[in-house]
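Presented below is the structure to which this report refers.
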Amino acid sequence: MPLVRIDVVAGRSDEQLRTLADTVQQCMLEVFAAPERDRYQIVTEHPPGRMIVEDTGLGIERSDGLVLIQVTQQGRDTAQKQALYAALAERLHEAVGLRPEDLVVSVVENTKADWSFGHGRAQFLTGEL
Amino acid sequence: MPLVRIDVVAGRSDEQLRTLADTVQQCMLEVFAAPERDRYQIVTEHPPGRMIVEDTGLGIERSDGLVLIQVTQQGRDTAQKQALYAALAERLHEAVGLRPEDLVVSVVENTKADWSFGHGRAQFLTGEL
Amino acid sequence: MPLVRIDVVAGRSDEQLRTLADTVQQCMLEVFAAPERDRYQIVTEHPPGRMIVEDTGLGIERSDGLVLIQVTQQGRDTAQKQALYAALAERLHEAVGLRPEDLVVSVVENTKADWSFGHGRAQFLTGEL
């Protein structure tokens with residue numbers, strides 16, 4: 001169920017983008033304990049200059065390798081969120097060379113009633129999930 | 001007020017996309033009891049491979065006809081949400097032949113203070129709505 | 001930390017879009033009391049017809065100059081939100097000639113645990129912010 005919007009600056013190959021998305025999904029499965037095949041991702045490329053990201057005074061230097069991940073989900077606690085951020089930074093660095101400086105993550109919470117995965121049913125409420 | 005992001009894989013005609021959006025809006029009016037002309041939609045087409053959606057093990061087979069609808073709103077209860085999912089699946093199938101397997105819906109809740117519909121005013125708070 | 005998605009109908013120059021984004025950021029700094037360099041914006045242009053926005057019966061006439069701003073943030077109160085809407089309308093009108101009728105704003109709330117600004121850390125929780 002996490003719905004994951006992955007926004008990047010254009011410039012990576014299709015293969016790199018796929019590996020990036022696959023790696024994000026691995027973190028959802030392992031750190032967010034998402035069930036198998038619980039994958040809902042939208043990857044969007046933006047022209048240079050359309051993602052404008054600074055650093056809140058933290059001394060983080062951004063590059064055009066920037067990746068912004070927005071996760072809509074329900075049910076994970078603070079420890080899982082912190083573990084997710086760490087795993088994303090580490091594994092995306094390994095998998096696609098993402099600089100940890102270029103990773104921004106934001107999470108939004110909803111509830112079990114807020115999801116329909118197909119067939120017009122709310123599978124968290126029907127007992128299917 | 002529902003702000004509705006409709007993300008699809010590229011391939012439909014402009015006319016089909018308009019019918020799709022019109023049908024989503026009909027569901028907002030009838031099932032979510034949105035007032036007349038309460039329409040705030042963004043339709044975004046994505047290249048193949050950029051919407052990566054599996055099925056959480058539910059046995060749902062996706063196709064490139066996939067439609068992902070993210071609704072930001074306030075005030076609807078669980079019964080209304082369930083009715084929305086069902087109506088979207090049924091009516092989008094009728095209107096544009098959308099396979100019910102290809103419809104994913106996610107809702108996010110905010111509050112009356114979180115909306116300005118124009119003129120820099122929060123119309124839910126000023127008494128205009 | 002406000003994550004700000006700015007969706008517009010295509011047609012403005014790069015320079016106009018930059019001024020628009022800069023002006024939105026000024027409002028975040030001054031009205032939402034965001035710290036210096038607390039900027040996380042994604043500007044997306046849409047083809048005509050893909051942003052379908054009516055007026056909830058408020059008698060607001062939209063044009064293709066439409067700007068829809070979705071802000072994900074935590075910690076601002078109702079007065080700050082109302083001040084933000086007013087400031088955006090006024091300053092975007094001054095800076096890029098945006099008609100106040102063409103500005104729609106929607107806010108979503110999350111929490112301090114929901115942000116990682118880089119390095120895989122949750123800076124609101126680590127004491128860095």
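Every read-out reported here was derived from the displayed coordinates using simple, explicitly stated rules and does not represent laboratory data. Everything quoted here is computed from the prediction, not taken from an experiment. Because the Cβ atoms are built from the backbone with ideal geometry, glycine has one as well, and the counts that use them run over all protein chains shown.
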Reachable aspartates and glutamates, given that their alpha-carbon falls under 14 Å from the alpha-carbon of B:Lys112 and they are not under 8 places away in the same chain | B:Glu128, C:Asp77, C:Glu109
Note the angle between two axes, namely the Cα long axis of helix B:78-96 and the longest principal axis of the Cα atoms of chain B, as a number of degrees from 0 to 90, rounded to the nearest 10.
-> 50 degrees
Against the longest principal axis of chain A, how steep is helix A:14-30, in degrees 0 to 90 to the nearest 10, with axes from Cα atoms?
-> 50 degrees
Given unit charges at Cβ for Lys, Arg (+) and Asp, Glu (-), the dipole magnitude of the range C:86-129 about its Cα centre in debye, nearest 20, is 200 debye
Would you calculate the separation in nanometres between label points at B:Ala79 and B:Ser63, each defined as 7 Å from the Cα along the Cα-to-beta-carbon direction?
-> 3.5 nm
Please report, for the Cα atoms of the protein assembly as shown, the Rg to one decimal and the Dmax as a whole number; what are they, in angstrom?
-> 19.6, 54
Peptide-level mean, for A:83-92, of C-beta atoms on other protein chains within 10 Å | 3
About its Cα centre, what dipole magnitude does the protein assembly as shown give when the only charges are +1 on Lys and Arg Cβ and -1 on Asp and Glu Cβ, stated in debye to the nearest 20?
-> 340 debye
Provide Rg over Rh for chain C; use the alpha carbon set for both Rg and the Kirkwood Rh (inverse mean inverse pair distance).
-> 0.99
What's the average, rounded to a whole number, of partner chain beta-carbon atoms within 10 Å of each residue's beta-carbon in A:25-34?
-> 0
Rounded to the nearest Å, the spacing of the alpha-carbon centers of the range B:29-51 and the range A:1-65 is 23 Å
Taking the axis that carries chain A onto chain C, what is the nearest Cβ in chain A, and at how many Å, to the whole number?
-> A:Val108, 3
